[in-house]
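Report on the following structure.
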Amino acid sequence: MEDILRPEFELSAFFEMTPDLVCIVGKDGYFRKINQAVIDKLGYTKEELLSKPVASFIFFEDVDITAEKRNVLLNGEVLRNFVNRYVTKTGEIVWLEWTSIYSKDNEIVFAIAKDVTERKFIEKEISDNYNKYKGLASHFKKRIEKDKRYFAYELHEELAQLVAVLKMDIDMIKSFSTYAATPVKNRIEHASEVASMLIKSIQRISFSISPGMLDDLGFNVTMEWLCNEFSVLNGIPCIFTNTADEEDLSNEMKIDLFRICQEALTNVIYHAQASLVKIHIEAPGNSIQLTITDNGQGFDTNQQKESPGILNMYERAASINGFLTVASNIGEGTSISFNVDKELSATKPVAIL
């Protein structure tokens with residue numbers, strides 16, 4: 001009875017009875033002891049497992065990373081939740097999640113692993129679906145932008161030109177109306193002014209629908225034009241600064257940053273009652289950060305329902321794996337912050353595995 005209670009017996013019993021894979025590995029990289037779960041999972045005999053280096057059973061793509069983790073382990077750091085792949089005798093790949101410690105005095109590694117193959121397959125399925133739907137979202141967004149570009153072109157090149165011809169005709173009529181009655185002169189003058197306003201409105205709407213300047217003149221020039229146009233039309237100073245390298249911005253990111261700024265400026269016009277707007281872009285580390293601030297009346301973010309404009313900004317940010325926050329207090333203006341990792345933009349889908 002006393003033998004049954006000995007710690008050695010209890011440890012040995014646990015070693016054999018646990019469903020987890022338990023093993024002892026020497027500093028030389030060979031199995032010293034394995035439980036039945038290791039044999040059952042990998043399909044080799046005990047003799048086969050003990051006769052070869054552990055690395056020979058590891059899936060070839062994981063050999064190097066496993067060696068790196070092993071060196072860290074041998075330097076005294078406990079290894080937790082490390083996942084790698086093993087190849088069974090039948091050629092099947094299994095994912096094992098390890099927790100290991102190294103005994104420097106005995107020069108052995110004591111390791112316990114769980115089979116997480118099913119979990120990995122589920123994660124891969126989720127990742128594949130995520131990337132598929134992310135790709136579809138990116139495709140539809142690009143398609144919408146393409147359609148907008150075409151519509152803007154037609155609006156600017158066709159309609160604006162027709163109005164320009166109409167204005168030329170009106171101006172010509174005006175030049176021959178020297179002896180016309182005053183009411184007629186006034187109406188002709190009014191028609192000419194309206195035609196000029198209509199041309200400018202078409203150009204502004206065309207730019208709003210699709211900023212062709214992005215392709216022709218670049219992001220910074222386009223943003224400066226947007227801010228200047230906003231200031232002229234609304235009498236609200238808008239200051240744009242950019243310390244990021246424009247080459248770090250993909251075409252998709254440029255469009256999304258532009259659209260977020262558009263939405264933010266629209267909100268300022270209709271809700272903020274501000275007298276100053278600042279737009280700043282920077283590139284801290286490996287990310288791009290956009291900040292839009294105004295000194296308007298602000299609002300209580302806990303009570304205010306999200307407007308369609310804010311929801312559009314959230315959705316636009318999420319479409320390129322960005323993170324957007326809106327901070328505001330009554331009487332203290334509003335600050336919109338958008339941050340995106342350069343390597344996690346929508347053109348580079350995230351893989352879980």
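Laboratory data are not the source of any read-out in this text; all were calculated from the coordinates shown. For clarity, every value in this text was computed on a predicted model and none was experimentally measured. Positions of Cβ are generated from backbone atoms using ideal geometry, with glycine treated the same way; all protein chains shown enter the neighbour counts.
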Residue by residue through region 48-62, which ³J(HN,Hα) values in whole Hz follow from phi under the Karplus form 6.51 cos²θ - 1.76 cosθ + 1.60 (θ = phi - 60°), with glycine and proline marked x? 5, 5, 7, 8, 10, x, 4, 4, 5, 9, 7, 4, 4, 6, 9
What residues have an amide H closer than 5 Å to that of residue 301, excluding those fewer than 5 places away on the same chain, when H is modeled at 1.01 Å from N in the peptide plane? 328
Residue exposure sequence - 128, 216 - by fewest surrounding Cβ within 10 Å: 216, 128
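Checking the a/c ratio against 1.5 first, then a/b against b/c, what shape does the Cα gyration tensor give for region 216-348? Don't skip to the answer; put the middle values down first.
Details: a/c = 1.94, a/b = 1.30, b/c = 1.50.
Oblate, because a/c is 1.5 or more while a/b does not exceed b/c.
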Once fully extended, how much extra length lies between residue 251 and residue 74, figured as 0.36 nm per residue of separation less the alpha-carbon to alpha-carbon distance? 59.0 nm
Out of 257, 227, 275 - ranked by how far each Cα lies towards the positive end of the dipole of region 216-348, with unit charges on the beta-carbon of charged residues - the top one is 275
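How would 280, 271 line up from fewest to most surrounding beta-carbon atoms within 10 angstrom? List each step's numbers first, then the result.
Details: 280 15, 271 18.
Ranking 280, 271 by Cβ neighbours within 10 Å, fewest first, gives 280, 271.
Can you flag which of 33/114; 27/69; 52/124; 33/89; 254/342 are past 24 Å Cα-Cα?
Working: 33/114 17 Å; 27/69 13 Å; 52/124 31 Å; 33/89 19 Å; 254/342 12 Å.
Over 24 Å apart, Cα to Cα: 52/124.
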Determine the percent antiparallel among the DSSP beta bridges restricted to region 231-341, to the nearest 5. 80
How far apart, in nm, are two points set 7 Å out from the Cα along the Cα-to-Cβ line at residue 36 and at residue 220? 7.2
Give me a comma-separated list of calculated 3J(HN,Hα) values for region 220-228, in order, Karplus coefficients 6.51, -1.76, 1.60 applied at θ = phi - 60°, integers in Hz, x for any Gly or Pro. 4, 4, 5, 5, 5, 5, 4, 5, 5
Derived scalar couplings ³J(HN,Hα) [region 27-42; Karplus, 6.51 cos²θ - 1.76 cosθ + 1.60; whole Hz; x for Gly, Pro]: 4, 6, x, 9, 4, 9, 7, 9, 8, 5, 5, 5, 4, 5, 6, 8
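Can you compute the FRET efficiency between residue 280 and residue 229 using 1/(1 + (r/R0)^6), with r the Cβ-Cβ distance and R0 = 22 Å? Round to the nearest 0.05.
Efficiency, rounded to the nearest 0.05: 0.75.
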Under 1.5 on a/c is rounded, so check that first for region 223-293, then, if it is not, pick prolate when a/b is larger than b/c and oblate when it is not; a ≥ b ≥ c are the square roots of the alpha carbon gyration tensor eigenvalues. prolate
Within 10 Å of each residue's Cβ, count the other Cβ atoms and sort 219, 299, 121, 60 from fewest upward. 60, 121, 299, 219
